[in-house]
Each structure stands twice: as structure tokens, then as C-alpha cells.
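Structure, as C-alpha cells:
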Ligand SMILES: [Zn+2]
């Protein structure tokens with residue numbers, strides 16, 4: 001039922017890199033995009049901004 005897809009923008013405040021991904025929310029309210037970590041190695045202090053896709 002909950003198959004809304006989101007456009008997820010992940011920004012890294014450490015190096016300024018930006019990633020645009022698509023994903024779904026899981027039952028924990030997290031966005032599943034397959035994103036692991038930034039190219040600079042940062043994986044904890046990322047800015048995540050998601051908007052539902054139409
Ligand atoms: Zn980075």
C-alpha cells in the first residue's frame with residue numbers, strides 16, 4: 001500500500017557533495033535509497049531532504 005517513491009537529496013556538509021536519489025520509506029521511517037556514504041567517507045552527518053514523487 002505504501003509504495004510512494006521519494007526523491008531524496010542527500011548533502012554532505014563536510015565536502016559539499018550532493019546526491020540525488022530515489023527511494024521508499026521503510027517501516028522505521030527511514031529512506032531506503034541504497035546510499036551508504038559520501039565519497040569523502042562521511043556517513044553520519046548528512047543532510048537528507050525528501051519530497052514525494054508524483
Ligand atoms: Zn562528503
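Consider only pairs whose beta carbons are under 6 Å apart and that are at least six residues apart or on different chains; among these, list those whose first residue lies in the stretch 15-27 and is within 16 Å of the ligand (Cβ to nearest atom) and whose second residue is assigned to a strand (DSSP E or B).
18/11; 19/10; 20/9; 21/8
Being assigned to a loop (DSSP other than H, G, I, E, B) and away from the ligand (no atom under 16 Å from the Cβ) is the filter here, so list the residues in the stretch 28-43 that pass it.
28, 29, 30, 34
Go through (1) assigned to a loop (DSSP other than H, G, I, E, B); (2) touching a residue at least 12 places away in the same chain (Cβ under 8 Å); (3) more than 10 Å from the ligand (Cβ to nearest atom) one by one and return the number of the condition residue 9 breaks.
Here residue 9 meets the rest and fails (1).
Here is a yes/no grid of residues against (1) surrounded by 10 or more Cβ atoms within 10 Å (Cβ to Cβ); (2) modelled with pLDDT of 95 or more; (3) in contact with a strand residue (DSSP E or B) (Cβ under 7 Å, 6 or more places away or on another chain):
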| position | (1), (2), (3) |
| --- | --- |
| 10 | yes, yes, yes |
| 18 | yes, yes, yes |
| 29 | no, no, no |
| 37 | yes, yes, no |
| 54 | no, no, no |
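Here is a check on your reading of the model: is residue 46 modelled with pLDDT of 95 or more, within 9 Å of the ligand (Cβ to nearest atom) and surrounded by 14 or more Cβ atoms within 10 Å (Cβ to Cβ)?
Criteria met by residue 46.
The values are calculated or read from the model by the stated rules, or taken from the named source; none is laboratory data. Please read these numbers as outputs of a predicted model, since none were measured by experiment. As a convention, Cβ positions derive from the backbone with ideal geometry for all residues, glycine included, and neighbour counts pool all protein chains shown.
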